[in-house]
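K.L.:
What follows is a single structure, and I will ask about it in a moment.
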Amino acid sequence: MPAKILFLLLTLTLSGCASLPPASSSTTTASAAARGAARANRNAETAQQRLAAVAAQRAEAKQQFCPNWQQALDHARNNAIGCAQMPANEQATCWQAVSQWAQEERHYFHALAPLLQGGAYASPAVQAAHFFDLAQGWAITCQDGQKACTVASGHQQMDHSKNAVNQFCRR
């Protein structure tokens, strides 16, 4: 008798499991769609936040472009004068430092170019980067002495880039 009761209980338990209604495919589909919509909304929010951050960076870069350019240009001029006035045996070290500094400025203006792409500041950013490309090369050449510095090429290109940026910043 106890075996019959055990068998009966087991059968009822299993039949209870078998009688559970299966999950409907429409419920599963709706749940998946809801999760997908929530994910899409999160992605859209993230994209909007990134766009807002880029817009803020772009606005800040525009606001600071001309003051940063003028400060870098003044610094470049003072560096060149300072190195030229140093004793000949110290000039190479000075020009090496100027070259490293010009490389940093070059990186800064090169990084601005894509951020400012498509706007009025795009061309001046490229010109500023080009100026510091040339300034770095010139400083490297000047490490070889005053004569090498004087005959170095690129002065016209540097002046052209400098004048283009200055003209933009004056308006």
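The values are calculated or read from the model by the stated rules, or taken from the named source; none is laboratory data. Everything quoted here is computed from the prediction, not taken from an experiment. Cβ atoms come from the backbone with ideal geometry, glycine included; neighbour counts cover every protein chain shown.
K.L.:
Output the residues belonging to region 116-171 that are of a type in the set (Lys, Arg) and in contact with a helix residue (DSSP H, G or I) (Cβ under 7 Å, 6 or more places away or on another chain).
P.N.:
Selection gives Lys162 alone.
Yes or no, residue by residue, for (1) of a type in the set (Lys, Arg); (2) more than 30 Å from Val126 (Cβ to Cβ); (3) at pLDDT below 75:
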site	(1), (2), (3)
Leu8	no, yes, yes
Thr13	no, yes, yes
Arg50	yes, no, no
Ala56	no, no, no
Ala59	no, no, no
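K.L.:
What number goes with the only condition from (1) free of Cβ contacts under 8 Å to residues at least 24 places away in the same chain; (2) more than 15 Å from Asp74 (Cα to Cα); (3) in a helix (DSSP H, G or I) that Ile140 does not pass?
P.N.:
Ile140 satisfies every listed condition except (1).
K.L.:
Answer with yes or no whether Cys149 is in contact with a Cys (Cβ under 9 Å, 6 or more places away or on another chain), at pLDDT below 90 and surrounded by 12 or more Cβ atoms within 10 Å (Cβ to Cβ).
P.N.:
Yes; evaluated as a whole, the condition is true for this residue.
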